[in-house]
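Structure first, then comments.
The values are calculated or read from the model by the stated rules, or taken from the named source; none is laboratory data. Note that the structure is predicted; figures quoted are calculated from it, not measured. Note that we place each Cβ from the backbone using ideal geometry, even for glycine, and neighbour counts take in every protein chain shown. Only protein heavy atoms, including side chains, enter the accessible area calculation; ligands, DNA and RNA are left aside. Shrake-Rupley method; radii C 1.70, N 1.55, O 1.52, S 1.80 Å.
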Amino acid sequence: MDQQVKDALNALYHHPDEAFRSQADRFLQEIQRSIDAWQVADNMLHDPTSNLETLIFCSQTLRSKVQRDFEELPSEAFGPLRTSLTTLLKKFHRGPPKVRTQISIAVAALAVQVPAEDWGDGGIVNWLKDEMNSYPDYIPGFLELLTVLPEEVFNYKIAARPERRRQFEKELTSQIEVALNVLTVCLKINELKEQVLEAFASWLRLRHGIPGSVLASHPLVLTALSSLKTELLSEAAVNVISELIHYTTSGNSGGISVQMPLIQVLVPQVMILKEQLRDPSKDEEDVKAIARLVADMGDSYVELIATGSSEAMVIVNALLEVASHPEYDIASMTFNFWHSLQVILTKRDSYTSFGDEVSIEAERSRRLLVFRSAYESLVSLVSFRVQYPQDYQNLSIEDLKDFKHTRYAVADVLIDAASVLDGDATLRILYMKLAEAQACWANGQSEWRPAEAALFCIRAISTYVSVAEAEVMPEVMSSLLELPHQAQLLQTVCLTIGAYSKWLNAASDGLPLLSSVMRILMHGMGTSEDSAAAAAVAFRHICDDCRRKLCGYLDDLFSIYHRALIGEGNFRISAEDSLHVVEALSMVITELPPDQAKQALGQLCLPIVTSLQGVLNQGPEILEKRPARELTVHIDRLAYIFRYVNHPEAVADAIQRLWPLFKAIFDLRAWDMRTMESLCRACKYAVRTSGRFMGVTIGAMLEEIQALYQQHHQPCFLYLSSEVIKIFGSDPSCASYLTNLIEALFKRTICLLTNIKDFTARPDIADDCFLLASRCIRYCPQLFITSTVFPFLVDCAMIGVTVQHREASNSILTFLSDIFDLAKSSVGEHFISVRDSVIIPRGPSITRILVASLTGALPSSRLETVAYALLALTRAYLNKTVEWAMESISLIPQTVISEVERARFIKALSDAASGVDVNVLMAPVEELSDVCRRNRTVQEIVQGALRPLELNLVTVS
């Protein structure tokens, strides 16, 4: 087998044929999963003839086996395995580095999984110290092991039980002094200094609780600090100082007061480096390292800095120095600090210790004043970074993405500044940039980029600028009228107009100004696709916020509307962006009195209906072959009208008139999912807006989707039914309609979902089916829980819970939780006896399936949802659920979970049944989940014992 592995590796890396390489890869993966991998990897690592590719593969394999599959080995294998790994660590003590690292991680993973006493007195750290004393030639290899040991505490790839992981962390924490003493001795070997400091940084991440007074004079700390003074900054030393800074404010460090001696040593040493930030002779990596340390100080000591003391302001000035660096990657290291500081300065919670309101407000005002100049400087320092580069047209997609990310990050910093300074003051600083750019333009320079950058920044803080601002905003708006219509600039101009729509509504000269900006937006709609998109968004904002002022100008608005929809003239608005224009007119119509609104709504629908009718008039045969897009583009516009015209009677009247058209589309295109989704969405908004005014149309709609669902199984029919149930579920006059609907839709769905394969093949139907079922429980339990279909739907849910599709699984779990929580609802509590007659006989199976879901049948990301369902079951059936859970968990073999782990989980359920705080359930649930998922073999044993997929549904007649 050794030779087979060598041949496969050779083929994988060197064979010219892709098929051979794939076959070799599959073979090697199978070997890694097999129990033979232990012996094969060990043999080849000890074989002096193995090449580098073989050594890397085998070291990775052995590391993975120790991490995940250690339980495959008999207990007596520990000694020989440790001896072999130690021998390999000595063999590769000088490298290759990749191999040595993998072997080190394997030894560390072994230490995580076996008790400390297996290593002798004092655990692995003492064992390692003795090995280093006995074999000084191999110290580089042992140092690597000492580095990775604390890192493996937090490596959840290792299949250790949670209890053992906690013990290992305690073992390492108790041995911290031994480890640091070993590292201190190793400092004497000059060529190992970097490696020693990296190991020290690794141990610092344990956040162990050594007092600052001890660390402040510790040889390892002093060595790291002295390394900062060398010409070339040591990366390892920077890592140590960074970890020390974070350590001084960590939870286990004892608090700032305990760590102050260390802080008083660190801060001055880092501040000395500040001068090098502007040194052009410094290597860029060194400058980054210094900036990182300054930023780390800001992030860690932000609460101290927020007091505004003179010492704090020295650090703030250093952070401004970093923020001013021309390299964005360096300057942006401070952005998190400015945000954190802003939160502390502006939130009332930061000042509660000052007592009464007067004292709180006085301290808040004092601090805001102290930091005012810093944030004013910050605005100037970051605003230039959003300017388009000269060669922006030649930027790659990745570079463009990075540039956009930079702009968004700068916008966030400007918002932080506006929160501290207030929006109007920030606006005044940014307007100066716009005025400078405009002056350049007036002098005949055709440079648009500075003006665009200034406007981008002004737009970013729009939420913080007062609608009553009368000094700068009029100047900004008049500037917009004078700027050239370059595509990128015009796009930003349009977006800026949209961002200040509330200000435009409040402006004293609102109507002339509105007329002017509307002309700009129309230019935007005709210049480029990007500027048209921005103009459409701005148009929507203005119609939303200035709707009352615009009611008298409907003819002008309809002119824009028609051009946007039909594409007359030079408008370049895409179908998607035209929806913004539809929404805009809909919101203005909402402000009209009912009679006028009805007429305007008809006018709004007319061009859309005309286009839709034109498509339908082509005849059924041609229509069947048309792409969905030809219909959905018009239907989506109607959906927006029904959604945003808030006149229930007018919308109900419109949908009644349009129903023959909708029915024709339902009948002709029921097979087409995209058209049906679009049409159901339009109907959903009509139902939501019109409510009880829908009258006779709702009956026709329900009959239509009920009949079509039997043949075409479109999930959106279920989704539309959910909306109907929400609005009409409690209406007695609709009871017979809805009962028929519920019976018909659920019976058909249950026939489609008889086993887990059906759920996997049709997750969208499962998702919408159980969303509908949850709606029925909330809005018409009197129709649903008493129906003949209810027990069958519970059986169906039990089969589908473990479907891997996230939304479908969540909908099923939510449905089950809603059933268990029925007593919470005043309406639902009348049907508890009916529910119990269905749930109690199925209780043991439901509990077993939920326990299986917690322990591996569903991804761990769904743990909280499953745990809530189990909790709801427990609250509904109290000790019965505990008994069912005991039956389920007893099926899991003792080799997988211990009696202690079993008992902890059952006790948590018992506590939940007794009314103890539900949050106590999550820790034992997570622990049980962790234990049962610790490796693939264990997970297979658990699922084999609980058998969550064995159910199949008997078809409903």
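One table, with the values for the structure above:
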| read-out | value |
| --- | --- |
| Residues that are outside any helix (DSSP H, G or I) and surrounded by fewer than 23 Cβ atoms within 10 Å (Cβ to Cβ), drawn from segment 630-674 | N646, A670, W671, D672 |
| Complete set of residues in segment 177-193 that are open to solvent by 90 Å² or more (accessible area, probe 1.4 Å), part of a helix (DSSP H, G or I) and of a type in the set (D, E, K, R) | E177, E191 |
| Out of S826, S833, sole residue that is surrounded by fewer than 18 Cβ atoms within 10 Å (Cβ to Cβ), free of Cβ contacts under 8 Å to residues at least 24 places away in the same chain and in a helix (DSSP H, G or I) | S833 |
| Test: residue in segment 912-926 that is within 23 Å of E71 (Cα to Cα) and either among the aliphatic types (A, V, I, L, M) or open to solvent by 60 Å² or more (accessible area, probe 1.4 Å) (or both) | yes |
| Pick from segment 544-590, criterion in a loop (DSSP other than H, G, I, E, B) and under 38 Å from the mean Cα position of the chain (by Cα), ranking: surrounded by the most Cβ atoms within 10 Å (Cβ to Cβ) | I573 |
| Subset tally (residues that are in contact with a Phe, Trp or Tyr (Cβ under 9 Å, 6 or more places away or on another chain) and either under 25 Å from V938 (Cα atoms) or buried (at least 19 other Cβ atoms within 10 Å of the Cβ) (or both)) for segment 133-171 | 13 |
| Residues within segment 615-656 that are basic (K, R) and farther than 21 Å from L592 by Cα, tallied | 3 |
| Positions within segment 806-823 being open to solvent by less than 20 Å² (accessible area, probe 1.4 Å) and either in contact with a His (Cβ under 6 Å, 6 or more places away or on another chain) or within 17 Å of I756 (Cβ to Cβ) (or both), in sequence order | A808, S809, S811, I812, L813, F815, L816 |
| All helices (runs of 4 or more DSSP H) inside segment 721-805 with 1 or more residues being more than 37 Å from the chain's Cα centre (by Cα), of a type in the set (A, V, I, L, M, F, W, C) and surrounded by fewer than 20 Cβ atoms within 10 Å (Cβ to Cβ) | 735-752 |
| Unmet requirement for V66, which otherwise passes all of (1) open to solvent by less than 30 Å² (accessible area, probe 1.4 Å); (2) without any contact (Cβ under 8 Å) to a residue 40 or more places away in the chain; (3) among the β-branched types (V, I, T) | (2) |
| Qualifying residue in segment 237-251 (condition: more than 37 Å from the chain's Cα centre (by Cα) and either under 30 Å from D279 (Cα atoms) or at pLDDT 90 or above (or both)) | no |
| Leading residue by the ranking (nearest to the chain's Cα centre (by Cα)) among those in segment 927-943 that are open to solvent by 50 Å² or more (accessible area, probe 1.4 Å) and at pLDDT below 90 | R936 |
| Selection within segment 851-867 - crowded, with 17+ Cβ neighbours inside 10 Å, within 17 Å of the chain's Cα centre (by Cα) and touching a residue at least 60 places away in the same chain (Cβ under 8 Å) | L863 |
| Any helices (runs of 4 or more DSSP H) falling wholly within segment 60-155 and containing at least 1 residues that are under 17 Å from L172 (Cβ atoms) | 97-113, 123-134, 139-151 |
| Residue pairs meeting the criteria (Cβ under 9 Å; at least 6 apart or on separate chains; first more than 23 Å from D545 (Cβ to Cβ), in segment 589-607; second β-branched (V, I, T) and modelled with pLDDT under 95) | P607/I566 |
| Complete set of residues in segment 283-317 that are closer than 23 Å to E327 by Cβ, part of a helix (DSSP H, G or I) and of a type in the set (D, E, K, R) | E284, E285, D286, K288, R292, D296, D299 |
